[in-house]
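The values are calculated or read from the model by the stated rules, or taken from the named source; none is laboratory data. Keep in mind that this is a model prediction, so the values were computed, not measured. Neighbour counts are summed over all protein chains in view; Cβ atoms, including those assigned to glycine, are modelled from backbone coordinates with ideal geometry. Remember, those area values only see protein heavy atoms, side chains included, never the ligands or the DNA or RNA. Shrake-Rupley method; radii C 1.70, N 1.55, O 1.52, S 1.80 Å.
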Amino acid sequence: MAHSHHDHSHEHVRRLSSLNRAFIAGILLNSVFVAAEFTAGILSNSMGLLSDAGHNLSDVASLLLALLAFRLAQVRPTSRYTYGYRRSTILVSLLNAVILLVAVGAIVVESVRKLLHPEPVGGEVVLWVAGIGVVVNFATALFFLRDKDRDLNVRGAYLHMAADALVSVGVMVSGAVMMATGWYLIDPLVGLLVAAVIVWSTWGLLRDSLRLSLDGVPAGIDYDEVFRTVASQPGVSGVHHLHVWALSTTENALTAHVAVHDLQRMPQLKEALRARLRELGIDHATIEFESDVQPCGEHADCDMEQGRCGGASQPVR
């Protein structure tokens with residue numbers, strides 16, 4: 001058992017250090033590219049490049065915020081912050097989604113202006129810079145590929161970079177079209193396409209992070225399945241006041257009142273329940289056991305100090 005725990009700890013440390021390097025490498029690589037793309041966009045008068053640079057700049061901000069949250073999540077709990085700063089990971093994922101949507105607004109306004117007042121654009125510069133963008137964004141997305149399903153902020157970083165790579169392909173195409181045909185309207189049209197891709201890739205992140213910030217049940221958790229799992233455990237006669245929420249973008253918590261036939265079996269029952277809940281993705285379970293000898297209704301006031309209230313068989317939401 002100790003060997004297994006050591007392996008788990010070693011894997012956790014490896015993942016933290018590799019993610020730390022991934023964030024730092026992504027920030028440095030994209031900062032250099034944003035500066036180059038912004039300069040090229042001004043020199044070539046390309047809305048496609050400028051909107052993509054704006055999008056990439058918002059991604060650099062997102063990566064910086066995610067790295068900050070990632071570091072804060074490692075801070076030990078204190079008497080004032082008893083869960084530490086793990087909650088900051090949820091707030092940062094929500095802020096990242098908002099930042100991207102603000103960037104969309106700026107891109108749409110400028111693209112519409114250029115649609116109404118077309119201007120000549122240097123297609124060759126657009127083509128080459130966007131080509132570099134494909135490589136930079138694709139490489140950065142690969143940094144987060146391994147851990148994208150374990151953390152909302154890592155998933156956000158991966159989605160943004162993968163979307164950026166696709167957007168850069170679109171900008172490349174517009175550069176080639178402008179070189180071949182001189183049709184400059186395609187540049188603001190690509191700017192609008194960039195905006196659409198950002199909204200599409202950000203919507204799920206916004207929805208999930210907003211749900212977590214409101215203490216909603218995390219996306220990967222089935223509330224009804226959790227309730228059935230607890231209620232069907234041998235020795236359990238009822239469950240109520242069952243709540244599931246996220247402590248951070250990677251850790252979920254549960255509290256529940258569980259009525260049992262035999263209070264003497266509490267230690268074994270508690271271990272069995274926690275093991276089952278871990279399988280469902282809930283790491284922190286606080287379970288209050290009660291005797292089913294003195295039942296009270298779902299909505300009855302419970303004497304919390306004595307821990308005596310009955311076992312309702314339906315969840316209270």
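Worth pointing out:
- Top-ranked residue in region 242-295 [being of a type in the set (A, V, I, L, M) and part of a loop (DSSP other than H, G, I, E, B); ranked as farthest from Val226 (Cα to Cα)]: Val293
- Single match in Ile282, Ile221, Ile198 (criterion: out of contact with any helix residue (DSSP H, G or I) (no Cβ under 9 Å at 6 or more places or on another chain), under 28 Å from Leu159 (Cα atoms) and among the β-branched types (Val, Ile, Thr)): Ile221
- Filter pass, Gly281 being small (Gly, Ala, Ser) and in contact with a Leu (Cβ under 9 Å, 6 or more places away or on another chain): no
- Index of the failed condition, Met172 passing every other in (1) out of contact with any Gly (no Cβ under 7 Å at 6 or more places or on another chain); (2) buried (at least 19 other Cβ atoms within 10 Å of the Cβ): (1)
- Residue among Val135, Val129, Val108 that is assigned to a helix (DSSP H, G or I), modelled with pLDDT of 85 or more and more than 30 Å from Arg21 (Cα to Cα): Val108
- Residue under evaluation Ser79, criteria (1) out of contact with any strand residue (DSSP E or B) (no Cβ under 7 Å at 6 or more places or on another chain); (2) open to solvent by less than 80 Å² (accessible area, probe 1.4 Å); (3) not basic (Lys, Arg), criterion not met: (2)
- Meets criteria (more than 16 Å from Asp208 (Cα to Cα), among the small types (Gly, Ala, Ser) and in contact with a Leu (Cβ under 8 Å, 6 or more places away or on another chain)) for Ser93: no
- Selection within region 219-238 - in a loop (DSSP other than H, G, I, E, B), loosely packed, with under 12 Cβ neighbours inside 10 Å and either of a type in the set (Asp, Glu) or free of Cβ contacts under 8 Å to residues at least 60 places away in the same chain (or both): Ser232, Pro234
- Conditions (1) touching a helix residue (DSSP H, G or I) at 6+ places or on another chain (Cβ under 7 Å); (2) open to solvent by 40 Å² or more (accessible area, probe 1.4 Å); (3) not in a helix (DSSP H, G or I); number of the one not met by Asp215: (1)
- Selection within region 35-57 - in contact (Cβ under 8 Å) with a residue 12 or more places away in the chain, surrounded by fewer than 24 Cβ atoms within 10 Å (Cβ to Cβ) and over 19 Å from Lys114 (Cα atoms): Ala36, Leu57
So that you can scan it fast, the table gives a plain yes or no per residue for (1) assigned to a helix (DSSP H, G or I); (2) among the acidic types (Asp, Glu); (3) on the phi > 0 side of the Ramachandran plot:
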| position | (1), (2), (3) |
| --- | --- |
| Ala36 | yes, no, no |
| Leu43 | yes, no, no |
| Leu49 | yes, no, no |
| Asp59 | yes, yes, no |
| Thr78 | no, no, no |
| Tyr83 | no, no, no |
| Ile90 | yes, no, no |
| Leu95 | yes, no, no |
| Leu100 | yes, no, no |
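- Each residue in region 134-160 was checked for being under 14 Å from the mean Cα position of the chain (by Cα), of a type in the set (A, V, I, L, M, F, W, C), surrounded by 21 or more Cβ atoms within 10 Å (Cβ to Cβ) and within 18 Å of His55 (Cβ to Cβ), and 2 of them qualify.
- Filter pass, Val121 being part of a loop (DSSP other than H, G, I, E, B) and crowded, with 23+ Cβ neighbours inside 10 Å: yes
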